[in-house]
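A.B. asks: Can you keep this structure in mind? I'll have questions shortly.
The values are calculated or read from the model by the stated rules, or taken from the named source; none is laboratory data. Please read these numbers as outputs of a predicted model, since none were measured by experiment. All Cβ positions, even for glycine, are placed from backbone atoms using ideal geometry, and neighbour counts span all protein chains on display.
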Amino acid sequence: MTSHNNTIGQSLVSTDQSLALTNESLSQVDTCSISSDDHQELERTTAQQYVNTDEHAFSRRKRNLCVCVASAAALLSPLASNVYLSATVKMSEEVGVPIHKITLTLTIYMVVQGVSPSFWGPLSDVKGRRLVFCCTLVLYLIANICLAVTRDYGSLAAFRALQAAGGAATIAICSGVIGDIASPAERGGMIGMSSAIRQAAQFLGPVAGGIITHYHGVRAIFCFLAMITSVVLLMVVVFLPETLPPIAGNGDVRLHGIHKPIMYAFKAQPDVFKEHSQMPSKPFTLSSLWTPICLLTQLDVFIVMFYGGIIYTIHNMVTASSTGLLQPRFKLTDVQTGLIFLPNGIGVIVGSFVWGNVLDRNWKTYDSKHESNDQELLEKKSGNGRFKPVHMERARLRHSWWLLLGFVASVCGYGFVLKAAHLAVVLVMQFCIAFTAQAVFAMCSTMSIDLFPQAAASVTGLQNLVRCTLGAAGVAVVDLMLERFGPGWTYSICAIVACATSPLLVFCWMRGASLREKRAQKLKEEERMGRGRETERVKVVLEVECEHAP
């Protein structure tokens with residue numbers, strides 16, 4: 001008993017000392033006046049997300065391979081959406097329902113497309129990218145096989161929803177892979193490359209849909225999707241290694257089981273230094289699904305996602321109405337209807353590549369300008385001797401204003417040239433809209449991942465939810481607006497909305513850094529308070545144990 005009490009007494013003394021130190025540290029925290037060292041530490045806490053990616057063990061070539069394979073998987077979601085556009089009339093004849101009911105399946109697809117990544121994204125942030133990739137691709141494959149044989153409208157709508165549930169998540173997981181392996185200086189380029197690959201569906205989908213429908217019938221579309229899915233699933237299983245840091249570290253941890261690609265069975269895994277990751281893992285719970293949605297309470301996250309969703313919605317309204325506006329106006333065949341989507345798709349690809357490289361160049365320019373030794377922390381000293389975090393938003397939003405002006409002007413002009421101009425002029429305007437819209441969306445996507453790169457899949461899933469919710473609403477009302485106002489005023493209203501919401505980006509430009517600093521400071525204070533409460537709890541437990549000791 002004496003020995004036991006002595007042990008407890010020593011524990012209490014140790015706990016008292018820890019509690020005293022904790023209370024002392026808490027008493028020194030002043031949210032209004034923080035020392036220079038603490039201020040710098042807070043900024044590093046905000047920017048610590050950038051440190052690990054700069055030290056990734058994968059070579060640039062291997063990282064590009066990972067991005068290409070993940071992007072090929074992410075291609076499937078927009079492909080399934082766009083391949084349907086030029087076949088809506090034939091599908092309505094095949095199923096025997098009015099065309100507006102077939103259009104409703106597009107809305108169903110977009111709604112599920114927005115919701116499903118909110119489940120799969122957080123799951124991939126916990127269980128790994130490869131496992132969730134395989135699950136979603138198998139689900140997508142099953143849906144396409146079922147769609148190829150279904151004959152009634154109810155089954156068509158149900159399996160389209162299942163198709164969206166499997167395919168849509170691939171975009172979020174692809175962004176998760178990029179967040180795992182890319183440094184901030186190359187993140188914009190990798191997101192641009194990924195967007196270009198998957199957005200090829202913007203023109204491949206309608207063109208392929210028109211040609212396949214013309215020669216083989218509408219059911220062959222889903223057989224085509226099933227074959228492509230099988231190839232992509234094989235690529236993921238063979239070539240894509242696990243990249244989630246708690247499982248794979250910085251690419252230097254030996255992989256096992258589902259996390260290990262088949263190619264490692266024939267070629268030893270390179271760059272392996274550890275048997276286990278040193279980064280903490282977390283369990284998957286119901287709160288894991290809710291937590292990403294809570295990110296919308298962060299003002300900067302909400303602004304970036306909301307504005308990106310507005311631009312995405314307007315672009316979708318232009319694309320979704322193209323068949324109905326241009327096919328009767330210029331008397332186009334099914335194949336020609338598919339071909340009119342080529343300028344839109346080319347604009348999306350060029351916009352992704354070009355602006356992805358611009359984002360990388362802007363980051364490096366800003367880094368060089370501020371002579372930062374740490375790429376993850378760009379800071380400059382103010383006149384009072386204290387440090388302020390660099391405006392990451394300014395590095396990303398640099399040169400974006402002419403881009404926004406070009407988008408607004410293109411959308412406004414597009415509505416008025418539809419009736420009077422030659423088809424070539426209309427298609428040039430669609431190219432301009434697609435280029436500027438995709439560039440703005442790539443910028444917003446990169447900023448979203450910059451804010452929370454360690455939960456890139458969850459963030460992208462949330463972004464997908466926002467943009468698809470807004471996009472579904474826009475597609476649902478565009479036909480009504482065209483009937484009520486005509487194309488000129490319909491797209492003028494869209495341009496006014498884009499222009500009226502652009503001050504949100506100005507707010508991010510001016511206040512984004514201070515919002516991130518306050519968030520980091522709040523997290524640090526909560527961490528200190530948590531340590532203090534835990535110490536007090538341990539002390540109480542030890543006192544109770546001492547009182548009841550035999």
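A.B. asks: Going through A143, A157 one at a time, which residue ends up being more than 26 Å from S321 (Cβ to Cβ) and of a type in the set (A, V, I, L, M, F, W, C)?
C.D. replies: After ruling out the rest, the residue left standing is A143.
A.B. asks: With the requirement that a residue be among the hydroxyl-bearing types (S, T, Y) and either more than 17 Å from L225 (Cα to Cα) or touching a Pro at 6+ places or on another chain (Cβ under 9 Å) (or both), what does the range 130-162 give you?
C.D. replies: Of everything in the range 130-162, those that are among the hydroxyl-bearing types (S, T, Y) and either more than 17 Å from L225 (Cα to Cα) or touching a Pro at 6+ places or on another chain (Cβ under 9 Å) (or both) turn out to be Y153, S155.
A.B. asks: Select from the range 160-197 the residues that are closer than 20 Å to K364 by Cα and aliphatic (A, V, I, L, M) and list them in ascending order.
C.D. replies: Selection gives I178, I181, A182, A185, M190, I191, M193.
A.B. asks: Next question. For the range 208-220, does any single residue satisfy the condition of being crowded, with 21+ Cβ neighbours inside 10 Å, hydroxyl-bearing (S, T, Y) and closer than 30 Å to V97 by Cα?
C.D. replies: The answer is yes; a qualifying residue exists.
A.B. asks: Here's something else I'd like to know. Can you tell me which residue is farthest from S81 (Cα to Cα) among those in the range 185-217 that are in a helix (DSSP H, G or I) and among the polar types (S, T, N, Q)?
C.D. replies: Going through the qualifying residues, I end up with S194.
For every residue, the table says whether it meets (1) under 22 Å from the mean Cα position of the chain (by Cα); (2) surrounded by fewer than 16 Cβ atoms within 10 Å (Cβ to Cβ).
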position: H422; (1), (2): no, yes
position: L427; (1), (2): no, no
position: Q438; (1), (2): yes, no
position: S458; (1), (2): yes, no
position: L465; (1), (2): yes, no
position: P487; (1), (2): no, no
position: M510; (1), (2): no, yes
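A.B. asks: List pairs: first residue in the range 396-418 and part of a helix (DSSP H, G or I), second residue acidic (D, E) and surrounded by 17 or more Cβ atoms within 10 Å (Cβ to Cβ) anywhere in the structure, Cβ distance under 8 angstrom, at least six positions apart or on different chains.
C.D. replies: Pairs that qualify, where the first residue is part of a helix (DSSP H, G or I) and the partner is acidic (D, E) and surrounded by 17 or more Cβ atoms within 10 Å (Cβ to Cβ), are R396/D450.
A.B. asks: If only one of T469, T460 is closer than 30 Å to E393 by Cβ, polar (S, T, N, Q) and at pLDDT 80 or above, which one is it?
C.D. replies: T469
A.B. asks: Considering only residues that are part of a helix (DSSP H, G or I) and either of a type in the set (G, A, S) or touching an Asp or Glu at 6+ places or on another chain (Cβ under 7 Å) (or both), look in the range 218-236 and name the one that is nearest to V67 (Cα to Cα).
C.D. replies: S230
A.B. asks: Does G356 qualify as being of a type in the set (G, A, S), surrounded by fewer than 17 Cβ atoms within 10 Å (Cβ to Cβ) and either modelled with pLDDT under 85 or touching a Gly at 6+ places or on another chain (Cβ under 6 Å) (or both)?
C.D. replies: The answer is no for G356.
A.B. asks: Right, another one. Check the range 118-136 and report whether any residue there is out of contact with any His (no Cβ under 7 Å at 6 or more places or on another chain), within 29 Å of H256 (Cα to Cα) and not in a helix (DSSP H, G or I).
C.D. replies: No - not one qualifying residue is present in the range 118-136.
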